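Novice: Starting off with a structure, shown below.
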Amino acid sequence: MKILVTGGAGYIGSHAVKELVKEHEVIVYDNLELGNKEFVDEKAIFIQGDLSDTKKLNELFEEHKIEIVMHFANYALVGESFENPSKYFENNLVNGFNLLDVMIKNNVNKIIFSSSCAVYGIPKEIPIIEKHTLNPINSYGESKMVFERVLRYYDTAYNLKSISLRYFNVAGASLDNSIGEKHKDETHLIPIVLDVALNKRDNIKIFGEDYDTKDGTCIRDFVHVVDIAKAHLDALNYLGKNMQTKSYNIGTGQGYSVKEVIDLCRQITKKEINVVIDKKREGDPPMLVADPKRFKEEVGWKEQFNINEMIEHAWNWHQKIN
Ligand code: UFG
């Protein structure tokens, strides 16, 4: 199949491309604002471009006869989305509509969208099922929720079928250690803790230790980036067979606190990791743990990796790029 992957040079997109090229023809479209061109598998065709560039997108669809789109190209930092909501709505929504309209024009009727557990806001029940109320508490989550809803309207109006994958906290690196997480301004927990282990930072600041959780720190459901990549292959096959618009949680169903993650990093790296307790970060829900049953039962996906393996693989990668 001919698949267009937007954001295919980013952390999650590049891991998906690495899996997809084993079975499909892949065209990556990325503006390289945040992505790394060297992460794009050489079996994929790479085109540098922006989602606002309708002309370029149209030419690409016409030339490559795209059959399905995987849409990763979104901004994804909760903190930044507080300070700059227009950036999030502009790219994640306006540019997203642009992509959808080019798809409709070119008779492409299937899309897999990178959504997020941020659509739930502060959950009322754990583990979170897909039917849980959507009540995002930041413009990032809002942009994901609205785009999912737009996809449903596009199904009704234009017969566009979609699967929205609501990722929980993605971690780890490729098994051959060729690609991994590399952000210009890192904000995520595991990469920052590993930077401390590598003496690139003095300490990890824990954002709040008086949450109503077992040890007072936030709890997250971590899922390996390779498992996420494989979820896209499974979703692709499922969408081809079922042609129904759906949303699914992609997590493992296991929650780990920030302190537990730091302890696991200490064990795996065998390094000292200094901790400083800091104030809560705005927009952090205390606990986000998926109920991934729907995706497992309907689509047949299952995670292969646990949190130890995620940290081990991330550690291998961090030592390599240091
Ligand atoms: N944390 C710290 N110190 C740090 C960094 C993070 O204590 O230096 C804590 C956060 O407060 C949070 C947990 O570690 O409790 C995880 O934080 P991350 O920044 O690694 O990840 P988030 O949970 O904020 O974000 C992830 C995805 C987003 C998604 C969001 C849903 O990266 O794309 O989950 O809330 F939207």
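Novice: For Ser115, work out the one condition from (1) of a type in the set (S, T, N, Q); (2) crowded, with 16+ Cβ neighbours inside 10 Å; (3) away from the ligand (no atom under 16 Å from the Cβ) it doesn't fulfil.
Specialist: Result: Ser115 fails condition (3) only.
Novice: Ser86 - would you say it is open to solvent by 40 Å² or more (accessible area, probe 1.4 Å) and either touching a Ser or Thr at 6+ places or on another chain (Cβ under 6 Å) or without any contact (Cβ under 8 Å) to a residue 60 or more places away in the chain (or both)?
Specialist: Spelling it out, Ser86 is indeed open to solvent by 40 Å² or more (accessible area, probe 1.4 Å) and either touching a Ser or Thr at 6+ places or on another chain (Cβ under 6 Å) or without any contact (Cβ under 8 Å) to a residue 60 or more places away in the chain (or both).
Novice: Look through the stretch 102-112, keep the residues that are in contact (Cβ under 8 Å) with a residue 24 or more places away in the chain and more than 23 Å from Ala231 (Cα to Cα), and return whichever of them is nearest to the ligand (Cβ to nearest atom).
Specialist: Looking at residues that are in contact (Cβ under 8 Å) with a residue 24 or more places away in the chain and more than 23 Å from Ala231 (Cα to Cα), I get Val102.
Novice: Examine the stretch 299-319 for a residue that is under 21 Å from the mean Cα position of the chain (by Cα) and either at positive phi or among the small types (Gly, Ala, Ser) (or both), and state whether such a residue exists.
Specialist: Yes, the stretch 299-319 contains at least one residue that is under 21 Å from the mean Cα position of the chain (by Cα) and either at positive phi or among the small types (Gly, Ala, Ser) (or both).
Novice: Quick one: in the stretch 214-227, which of the residues that are surrounded by 17 or more Cβ atoms within 10 Å (Cβ to Cβ) and farther than 14 Å from Gln254 by Cα is nearest to the chain's Cα centre (by Cα)?
Specialist: Val225
Novice: Take the residues of the stretch 41-83 that are among the β-branched types (Val, Ile, Thr) and more than 23 Å from Phe168 (Cα to Cα): which is surrounded by the fewest Cβ atoms within 10 Å (Cβ to Cβ)?
Specialist: Among those that are among the β-branched types (Val, Ile, Thr) and more than 23 Å from Phe168 (Cα to Cα), it is Thr54.
Novice: Checking Gly208 against (1) over 14 Å from Ile12 (Cβ atoms); (2) away from the ligand (no atom under 15 Å from the Cβ), which test does it fail?
Specialist: Among (1) over 14 Å from Ile12 (Cβ atoms); (2) away from the ligand (no atom under 15 Å from the Cβ), Gly208 violates only (2).
Novice: May I ask you to verify whether Asp185 is more than 17 Å from Ile262 (Cβ to Cβ), more than 10 Å from the ligand (Cβ to nearest atom) and open to solvent by 30 Å² or more (accessible area, probe 1.4 Å)?
Specialist: Yes; evaluated as a whole, the condition is true for this residue.
Novice: Which residue, of Ile137, Ile126, is near the ligand (Cβ under 10 Å from one of its atoms), under 26 Å from Ile190 (Cα atoms), surrounded by fewer than 21 Cβ atoms within 10 Å (Cβ to Cβ) and touching a residue at least 60 places away in the same chain (Cβ under 8 Å)?
Specialist: Going through Ile137, Ile126 in turn, just one is near the ligand (Cβ under 10 Å from one of its atoms), under 26 Å from Ile190 (Cα atoms), surrounded by fewer than 21 Cβ atoms within 10 Å (Cβ to Cβ) and touching a residue at least 60 places away in the same chain (Cβ under 8 Å): Ile137.
Novice: Continuing with the same structure: I'm told Lys241 meets every condition in (1) touching a helix residue (DSSP H, G or I) at 6+ places or on another chain (Cβ under 7 Å); (2) open to solvent by 10 Å² or more (accessible area, probe 1.4 Å); (3) not β-branched (Val, Ile, Thr) except one. Can you identify the failing condition by its number?
Specialist: (1)
Novice: Here's a follow-up. So, in the stretch 142-169, of the ones that are in a strand (DSSP E or B) and within 23 Å of Pro85 (Cβ to Cβ), which residue ends up farthest from the ligand (Cβ to nearest atom)?
Specialist: Among those residues, the one meeting the criterion is Ser164.
Novice: Within the stretch 19-34, is even one residue in a loop (DSSP other than H, G, I, E, B), among the aliphatic types (A, V, I, L, M), modelled with pLDDT under 95 and within 16 Å of the ligand (Cβ to nearest atom)?
Specialist: Looking through the stretch 19-34, none of the residues is in a loop (DSSP other than H, G, I, E, B), among the aliphatic types (A, V, I, L, M), modelled with pLDDT under 95 and within 16 Å of the ligand (Cβ to nearest atom).
The values are calculated or read from the model by the stated rules, or taken from the named source; none is laboratory data. Since this is a predicted model, take the numbers as computed values, not measurements. No Cβ is skipped: glycine too gets one built from the backbone with ideal geometry, and neighbour counts run over all protein chains shown. Calculation scope for accessible area: heavy atoms of the full protein, side chains included, ligands and nucleic acids excluded. Shrake-Rupley method; radii C 1.70, N 1.55, O 1.52, S 1.80 Å.
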